[in-house]
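The values are calculated or read from the model by the stated rules, or taken from the named source; none is laboratory data. It should be emphasised that the depicted structure is a prediction, and the values quoted were computed from it without experimental measurement. Cβ placement follows ideal geometry from the backbone for every residue including glycine, while neighbour counts extend to all protein chains displayed. Areas reflect the complete protein model, heavy atoms only, side chains present, ligands, DNA and RNA absent. Shrake-Rupley method; radii C 1.70, N 1.55, O 1.52, S 1.80 Å.
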Amino acid sequence: MTHPSTLARPARTEPGNHARPSRAVRGLPVAVVTALGLFAAERLTGVLVLAATAWATGSHPLALLARSWDSVWYLGIAAHGYGRTLTFQPTIVHSDLAFFPLYPALVRAVAALSPLNASTAGLLVAWLSAAAAAGGIYAIGSRLRGRAVATALVLLWGLLPHSVVLSMAYTEPVLTAFAAWSLYAVLSGRWLWAGTLAALAGLARPNGFAVAAAVLASAAYEIWRRRGRKVPHRLWTGAALAPLGWGGFVLWVGIRKGDPLGGYFDVQRLWGSRFDFGAGSLRFVKHLLLHGDRFVFPVTLVIVAAAVLLYALLIADRAPLPLVVYSGVLLLVTLGGSGFFESKPRFLLPAFPLLLPLAAALVRTARARPWHATLVVGALAGLSFAYGAYLVVLAHTPL
């Protein structure tokens with residue numbers, strides 16, 4: 001069940017704050033700075049651990065952060081546009097048309113307007129996007145549960161096992177930034193902003209249409225709730241804008257491939273990625289249970305199972321409709337897609353609403369047993385930093 005209204009009510013202020021609103025207003029920036037400062041500190045520590053691991057193995061940390069796996073494709077698009085294709089077999093053809101255009105466009109713009117090269121520009125875009133995403137996540141957490149839970153939510157998001165990706169030249173920070181602020185706009189009734197930001201999120205990644213789905217579902221519910229009353233034009237316009245980014249790029253790739261509706265999905269299929277309702281994932285899990293595999297794959301299985309459990313908790317917690325739809329679509333795409341099983345935790349990085357129940361539990365623990373909460377955060381930090389360094393430097397497994 002969700003809240004009676006799509007638009008979540010702001011969190012109730014603490015007992016003493018309503019009498020002195022000026023102090024509450026002055027305290028808000030301090031709380032935001034604290035949350036973003038903690039996020040920056042944990043990501044900086046993660047980068048330092050990765051750098052130490054890289055230097056110990058004779059690798060260059062900035063090269064690993066800026067030019068690993070998909071980063072190379074994005075930087076190639078930023079430098080030369082679309083057109084690169086690698087053919088391995090008739091059924092395995094890797095085309096850069098599988099990659100959405102927003103991130104390489106931002107990288108190209110930063111490189112053109114600054115003295116930075118493409119690799120450094122890629123990292124700068126990713127880091128600034130991660131900071132913007134953390135701000136949006138804090139805004140949502142604060143509106144729904146108050147500042148303490150909002151800070152815990154940002155803290156937990158920055159300590160996920162795959163949070164090292166937030167420090168790399170990847171697109172997850174960009175998607176999460178637009179998604180978080182679009183969802184916040186929905187919760188606060190700013191439909192034009194919600195639709196515009198959802199359209200931009202749809203240009204960031206293939207699973208970016210989850211944001212448009214959340215906006216459309218929320219708009220439909222709001223229209224139904226207002227039945228018999230006038231629906232403002234901003235709501236209709238925002239809903240119309242939301243799917244344009246994702247749909248526009250998919251259609252452009254399809255036209256370029258000679259099949260407007262199916263061309264993009266053919267490109268993905270030749271990469272080994274398709275939606276098969278989870279059949280490919282189940283086959284891999286069966287292989288994993290019967291024969292075992294590299295360390296990365298059992299960890300992936302645990303993370304995906306944990307995400308399913310957290311989604312159930314999110315629903316049980318009566319989260320607002322846009323957060324439930326957004327997280328549900330991301331989870332559905334992750335579970336139902338075949339290929340690149342080891343990348344599934346990365347695909348779930350933008351699903352920050354899944355952490356809301358954990359953030360609330362962490363705050364309750366911190367108030368009742370501060371040392372227990374400190375130990376939990378310390379353990380999560382150790383796991384995140386060590387596993388992130390392992391993934392990027394040692395695992396040699398596609399992220």
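From the alpha carbon centroid of the stretch 208-272 to that of the stretch 56-88 is 29 Å.
Between the stretch 370-399 and the stretch 123-175, the C-alpha centres lie 16 angstrom from each other. Of the chymotrypsin sites (Phe, Trp or Tyr not before Pro) found in the stretch 32-133, no site is in coil according to DSSP while having at most 12 other Cβ atoms within 10 Å of its Cβ. Remark: the stretch 117-208 carries 23 Å² of accessible area per residue (probe radius 1.4 Å; ligands, DNA and RNA excluded).
Quote the charge dipole size of the chain about the Cα centre in Debye, to the nearest 20; the model charges only the Cβ of Lys and Arg (+1) and of Asp and Glu (-1).
1400
3J(HN,Hα) along the stretch 89-95, derived from phi through the Karplus expression 6.51 cos²θ - 1.76 cosθ + 1.60 where θ = phi - 60°, amounts to 9, x, 9, 10, 10, 9, 10 Hz, with x in place of Gly and Pro.
Computed extension length for His94-Trp224: 42.4 nm, one decimal, from 0.36 nm per residue of separation with the Cα-Cα distance subtracted. Kirkwood Rh, Cα Rg: Rg to Rh for the stretch 130-218? Computed over Cα atoms, the ratio is 0.97.
Work out how much length His372 to Ser188 would gain on full extension: take 0.36 nm times their residue separation and subtract the Cα-Cα distance, in nm to one decimal.
So the chain would gain 62.8 nm between His372 and Ser188.
Other residues lying with their Cβ under 14 Å from the Cβ of His80 contribute a combined charge of +1, Lys and Arg counting +1, Asp and Glu -1. Global dimensions of the stretch 336-399 from alpha-carbon coordinates: Rg and Dmax equal 15.3, 44 Å.
For Val302 and Ser59, a Förster radius of 25 Å and the Cβ-Cβ distance give a FRET efficiency of 0.40, rounded to the nearest 0.05.
In the chain, helices alone account for a calculated mean residue ellipticity at 222 nm of -22000 deg cm²/dmol, with every DSSP H run of four or more residues adding -39,500 (n - 2.57). 3J(HN,Hα) along the stretch 181-197: 6, 5, 5, 5, 5, 4, 4, 9, x, 9, 6, 5, 4, 4, x, 5, 5 Hz, from the Karplus curve 6.51 cos²θ - 1.76 cosθ + 1.60 with θ = phi - 60°, whole Hz, x for Gly and Pro. Here the Debye sum runs over all C-alpha atoms of the chain as equal scatterers in vacuum, and log10 of I(q)/I(0) at q = 0.09, 0.11 Å⁻¹ comes out as -0.54, -0.83. When the trypsin sites (Lys or Arg not before Pro) in the stretch 153-226 are filtered for DSSP coil states and for at most 14 other beta-carbon atoms within 10 Å of their beta-carbon, the remaining sites are Arg226. Within the listed set Pro357, Pro370, Pro345, the Gaussian network model of the chain (springs between alpha-carbon atoms below 10 Å) gives the highest mean-square fluctuation for Pro370.
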